[in-house]
Amino acid sequence: MITASAYGEKGHEELLLILKTLSAVADDKHQALIKGIKGKFDRNGLLESNTFAKVSKLVTDFITSVS
């Protein structure tokens, strides 16, 4: 689960609550909160390297866990 917004804490928390209500397992290493998402892109629309690395790791960890 990735929450990307201006702040996002409350929205992220609510999404986790919904997932838990549905009996989903919400492992910490399979979720990310990206605050200030608009500021994470350069003039060319490319995602900054730190955020890209964070999302890439999240996806890699998730793929490894379901393989």
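The values are calculated or read from the model by the stated rules, or taken from the named source; none is laboratory data. All values reported here derive from a predicted model rather than from experimental measurement. Backbone-built Cβ (ideal geometry, glycine too); neighbour counts: all protein chains shown.
Give the residues of the range 21-38 that are within 19 Å of residue 66 (Cβ to Cβ) and more than 11 Å from the chain's Cα centre (by Cα), sorted by residue number. Correct list: 22, 23, 24, 25, 26, 27. Does residue 16 qualify as being modelled with pLDDT of 90 or more, surrounded by 12 or more Cβ atoms within 10 Å (Cβ to Cβ), part of a helix (DSSP H, G or I) and within 14 Å of the chain's Cα centre (by Cα)? Yes, satisfied. Looking across the range 20-32, the residues that are at pLDDT 90 or above and either part of a loop (DSSP other than H, G, I, E, B) or over 13 Å from residue 2 (Cβ atoms) (or both) come down to 20, 21, 22, 23, 24, 31.
When you scan the range 38-45, do you find a residue that is surrounded by 11 or more Cβ atoms within 10 Å (Cβ to Cβ) and either among the polar types (S, T, N, Q) or in contact with a strand residue (DSSP E or B) (Cβ under 7 Å, 6 or more places away or on another chain) (or both), even just one? Working first, answer last.
Step one: of the range 38-45, the residues surrounded by 11 or more Cβ atoms within 10 Å (Cβ to Cβ) are 40-41.
Right, trim to either among the polar types (S, T, N, Q) or in contact with a strand residue (DSSP E or B) (Cβ under 7 Å, 6 or more places away or on another chain) (or both) and you get 40-41.
Yes - at least one qualifying residue is present in the range 38-45.
The set of residues from the range 1-13 being in contact (Cβ under 8 Å) with a residue 12 or more places away in the chain, exposed (fewer than 14 other Cβ atoms within 10 Å of the Cβ) and either assigned to a helix (DSSP H, G or I) or on the phi > 0 side of the Ramachandran plot (or both) comprises just one member, 9. When you look at residue 52, is it under 15 Å from the mean Cα position of the chain (by Cα), surrounded by 13 or more Cβ atoms within 10 Å (Cβ to Cβ) and either assigned to a helix (DSSP H, G or I) or among the aromatic types (Phe, Trp, Tyr) (or both), yes or no? The answer is no for residue 52.
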